[in-house]
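Just below is one structure, and these are the notes that go with it.
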Amino acid sequence: GDLGPFNPGLPVEVPVWLAINLKQRQKCRLVPPEWMDVAKLEEIRDQERKEETFTPMPSPYYMELTKLLLN
């Protein structure tokens, strides 16, 4: 599909593969998803400790996204 043109300083949602490519070329800054916030993750952890069942995952691809964004 068509992507761009991009304006400097304005956040835009793009596919993960493009965001990582631009970051590797030092052309952008990645903003992690809301669920990757430390406070949100601690909240999910505490919720799971209180309940007897597993809590739903924040994203179906949370493991892959986390690994890609933290590398």
* Structure fact -> Of the accessible area of the chain, computed with a 1.4 Å probe and all protein chains kept, carbon and sulfur make up a percent value of 55
* Determine the sum of side-chain charges near ILE20: Lys and Arg each +1, Asp and Glu each -1, restricted to other residues whose C-beta is under 13 angstrom from that of ILE20. => +4
* Average accessible area per residue (Å²) across the chain - probe 1.4 Å, nucleic acids and ligands excluded -> 94
* Run the dipole for the chain about the Cα centre, Lys and Arg Cβ at +1, Asp and Glu Cβ at -1, nothing else charged, and hand back the magnitude in debye, nearest 20. => 500
* Asked: Could you list log10 I(q)/I(0) for the chain at q = 0.11 Å⁻¹, which the Debye formula gives when each Cα is one point scatterer?
  -> -0.38
* **Where chymotrypsin sites (Phe, Trp or Tyr not before Pro) fall in DSSP loop in the chain, at most 15 other Cβ within 10 Å** => PHE6, PHE54, TYR61
* **Whole-Å distance, taken between Cα centres, linking segment 57-71 and segment 17-46** => 9
* **Expected 222 nm ellipticity per residue - DSSP helices of 4 or more, -39500 (n - 2.57), all of the chain, to 500** => -13000 deg cm²/dmol
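The values are calculated or read from the model by the stated rules, or taken from the named source; none is laboratory data. These figures come from a predicted structure and were not determined experimentally. Glycine gets a Cβ as well: all are built from the backbone with ideal geometry, and neighbour counts include every protein chain shown. Quick note on the areas: whole protein, heavy atoms, side chains included, nothing else; ligands and nucleic acids left out. Shrake-Rupley method; radii C 1.70, N 1.55, O 1.52, S 1.80 Å.
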